[in-house]
Amino acid sequence: MNHLRLGIVLMAMLWGCSKDLRILDEEDLPFDSISPVKNEPGFGETDGEHQGTPFTLPAGVRLVDRPHHRFDPDIEKLYGKINTFYVDIHLVRDSTWKGESVVFPPGLILTSQGEGRRQHGLLIGRELIPVPYYRQGTSNDTLTYYLGVACINAKKAFPWEDNFEDDVKEYVIGKGMYKPTVITQNPQILQFLSLFEDKEHLKVTQHINPWDQFNEGYVRPSWQIKYDVIQEMLWKITDEKGLTKRDLSELLIAIER
């Protein structure tokens, strides 16, 4: 078990111990359990390409690589309902683009590129990213945003572990490491994602330095606990035995505010 996951597991355990032992009534749960997906391609320790609907952008907008663009910590550029790590998204529009925004849907898989066994990412909520109308004769600069995603491979490396440059060393960004590939149609993952519909209060509004947890006397910020619980519950689906009624109850209580 890697150090970050150990920290998340311990925090989830402390969360359970520190709260009152309230368990939701069965009628308050949307379903009884969620079965595991650890044997499905791309999840847990199972190799293979993720299955799903190919992700495409609307006509007039395309993704580009921007490997030397400095990470911008402006929180207004971060979109997501969890912050296990960030993926950078670079968009260019052309003269045919007449829209105002682009949808990045829940269930979007952000696939690790290149060598090494890094975590793949999962977008847990629908994110509407502004892409202003293209005006002829004006600047058409590349638009860079960041998606906060969850991890779906508990025993693989985190992208920020190799962050040594000044702009990224204190953030959970996997700069230039990921591509949006497919939108999962896996029933269990879709069940899990349904729990976060209309939970706009989960939007990440602060950064966390992943290295702080290794400092003596470190105390996890209280605002971070709900994101730790979400991540640990997802790992139970992708790498373990799935979620029980008690797990679902704990998760729903954690994200209720």
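Among the residues of segment 139-182, write down those that are closer than 24 Å to Glu49 by Cβ and small (Gly, Ala, Ser). Listed by number, the residues that qualify are Gly148, Ala150, Ala154, Ala157, Gly174, Gly176. If you go through segment 202-257 one residue at a time, how many are within 27 Å of Ile34 (Cβ to Cβ) and not in a loop (DSSP other than H, G, I, E, B)? The number of residues fulfilling the criteria is 30. Just one of the listed residues (Glu216, Glu240) is out of contact with any helix residue (DSSP H, G or I) (no Cβ under 8 Å at 6 or more places or on another chain), farther than 16 Å from Gln191 by Cα and modelled with pLDDT of 95 or more, namely Glu240.
Per-residue answers, yes or no, for (1) at pLDDT 80 or above; (2) touching a Leu at 6+ places or on another chain (Cβ under 9 Å); (3) surrounded by fewer than 15 Cβ atoms within 10 Å (Cβ to Cβ); (4) part of a loop (DSSP other than H, G, I, E, B):
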{"position": "Arg5", "(1), (2), (3), (4)": "no, no, no, no"}
{"position": "Ala12", "(1), (2), (3), (4)": "no, no, no, no"}
{"position": "Arg22", "(1), (2), (3), (4)": "no, no, yes, yes"}
{"position": "Asp32", "(1), (2), (3), (4)": "yes, yes, yes, yes"}
{"position": "Pro41", "(1), (2), (3), (4)": "yes, no, yes, yes"}
{"position": "Glu45", "(1), (2), (3), (4)": "yes, no, yes, yes"}
{"position": "Gln51", "(1), (2), (3), (4)": "yes, no, yes, yes"}
{"position": "Thr56", "(1), (2), (3), (4)": "yes, no, yes, yes"}
{"position": "Arg62", "(1), (2), (3), (4)": "yes, yes, yes, no"}
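Looking at segment 240-251 only, could you name the residues that are open to solvent by less than 30 Å² (accessible area, probe 1.4 Å) and either farther than 13 Å from Phe192 by Cβ or in contact with a Leu (Cβ under 6 Å, 6 or more places away or on another chain) (or both)? The answer is Leu248, Ser249. Would you check if Ala150 is part of a strand (DSSP E or B) and touching a helix residue (DSSP H, G or I) at 6+ places or on another chain (Cβ under 8 Å)? Yes. Residue count for segment 201-219 under the criterion of being within 28 Å of Glu127 (Cα to Cα) and open to solvent by 70 Å² or more (accessible area, probe 1.4 Å): the result is 5. May I ask you to verify whether Glu165 is assigned to a loop (DSSP other than H, G, I, E, B) and open to solvent by 40 Å² or more (accessible area, probe 1.4 Å)? Spelling it out, Glu165 is indeed assigned to a loop (DSSP other than H, G, I, E, B) and open to solvent by 40 Å² or more (accessible area, probe 1.4 Å).
Looking at segment 93-101, is at least one residue small (Gly, Ala, Ser), more than 15 Å from Tyr178 (Cα to Cα) and at pLDDT below 95? Yes, segment 93-101 contains a residue that is small (Gly, Ala, Ser), more than 15 Å from Tyr178 (Cα to Cα) and at pLDDT below 95.
The values are calculated or read from the model by the stated rules, or taken from the named source; none is laboratory data. For clarity, every value in this text was computed on a predicted model and none was experimentally measured. Positions of Cβ are backbone-derived with ideal geometry, glycine not excepted, and every protein chain shown enters the neighbour counts. Just the protein is used for accessible areas: all its heavy atoms, side chains included, with ligands, DNA and RNA removed. Shrake-Rupley method; radii C 1.70, N 1.55, O 1.52, S 1.80 Å.
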